[in-house]
Amino acid sequence: MRWDYANIFLKILEEPPESATFILLAPRPDDLLPTIRSRAITFRFAPVSTDQVEEFLARQSKLSPQERELAAIPAALEVPCLVNMVEGGVSPLMPAPRLEEMGYRIVIHANLALRAAARAVAHAFEVLRSEGSSVSLLDEILPWEERQRTVGLDSWRAAEQDVLARAAVAIAAGQSAGE
């Protein structure tokens, strides 16, 4: 809490409205001003176990056992969590917004591009084998100009020209020195 806000909050704590009850949650109570801590009753909560979260979710939600297990992990940890979504893997596939609601901050799809590319390559080779040409694949593959941009062809060509120019200077300097 910023010190200027903390002082305003302290003033409210010292003279609260009659009907007010404050519940202050702080992951690091020691970061609060000592004067604020001295006016509060401290209750410490231990992290809830994964089993307890799963049991609660089993009673309160329509999640599958795998989804409950997945939801219990971030609830039991006090760190940003990562989940690995693998099609055909153990974790149930879920959309990123749902995983974020559960407490996951990073979602990776480690095999998705590889598996999609492998399927596309197999299809392309099957078409090439059966038709003897790639003509029917032209609408399915990356256009040539986009391929060139994707691999950064212009920057590779510029780097090549730079290397050739440096080599020419070095060769010319070597020939001059030898004459």
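When you look at LEU32, is it touching a Ser or Thr at 6+ places or on another chain (Cβ under 7 Å) and either in contact (Cβ under 8 Å) with a residue 60 or more places away in the chain or not assigned by TED's automatic domain parsing to the domain that holds GLU78 (or both), yes or no? Outline the logic, then answer.
Values: touching a Ser or Thr at 6+ places or on another chain (Cβ under 7 Å): no; either in contact (Cβ under 8 Å) with a residue 60 or more places away in the chain or not assigned by TED's automatic domain parsing to the domain that holds GLU78 (or both): yes.
So LEU32 does not fit the description; no.
Where helices (runs of 4 or more DSSP H) fall entirely within segment 61-167, those with at least 2 residues that are among the small types (Gly, Ala, Ser) and either in contact with a Lys or Arg (Cβ under 6 Å, 6 or more places away or on another chain) or farther than 29 Å from PHE45 by Cα (or both) are at 112-131.
Here THR21 does not fit the description of being of a type outside the set (A, V, I, L, M, F, W, C), loosely packed, with under 13 Cβ neighbours inside 10 Å, in contact with a helix residue (DSSP H, G or I) (Cβ under 8 Å, 6 or more places away or on another chain) and not assigned by TED's automatic domain parsing to the domain that holds GLU78. Contact map, segment 144-162: first residue farther than 24 Å from SER134 by Cβ, second residue in a helix (DSSP H, G or I) and not aliphatic (A, V, I, L, M), Cβ cut-off under 8 Å, separation 6 or more or different chains; pairs are ASP154/GLN148. Taken as a whole, the structure places ALA110 among residues that are under 24 Å from the mean Cα position of the chain (by Cα) and surrounded by 10 or more Cβ atoms within 10 Å (Cβ to Cβ).
Inside segment 34-60, residues that are more than 21 Å from ILE8 (Cβ to Cβ) and not in a loop (DSSP other than H, G, I, E, B) make up a count of 11.
Return yes or no: is ARG115 outside the structural domain of ALA75 (by TED's automatic domain parsing) and touching a residue at least 24 places away in the same chain (Cβ under 8 Å)?
On the way: outside the structural domain of ALA75 (by TED's automatic domain parsing): yes; touching a residue at least 24 places away in the same chain (Cβ under 8 Å): yes.
For ARG115, the condition - outside the structural domain of ALA75 (by TED's automatic domain parsing) and touching a residue at least 24 places away in the same chain (Cβ under 8 Å) - is met.
From the list PRO80, PRO74, PRO97, PRO65, exactly one residue is under 28 Å from ASP51 (Cβ atoms), at pLDDT 90 or above and not hydrophobic (A, V, I, L, M, F, W, C). Which is it? Just a single option satisfies the conditions, and that option is PRO97. Residues in segment 10-33 that are within 24 Å of GLU78 (Cβ to Cβ) and assigned to a helix (DSSP H, G or I): PRO29, ASP30, ASP31.
The values are calculated or read from the model by the stated rules, or taken from the named source; none is laboratory data. Please read all numbers here as calculations on a predicted model, not as lab measurements. Note that each Cβ is placed from the backbone with ideal geometry, even for glycine, and that neighbours are counted across all protein chains shown.
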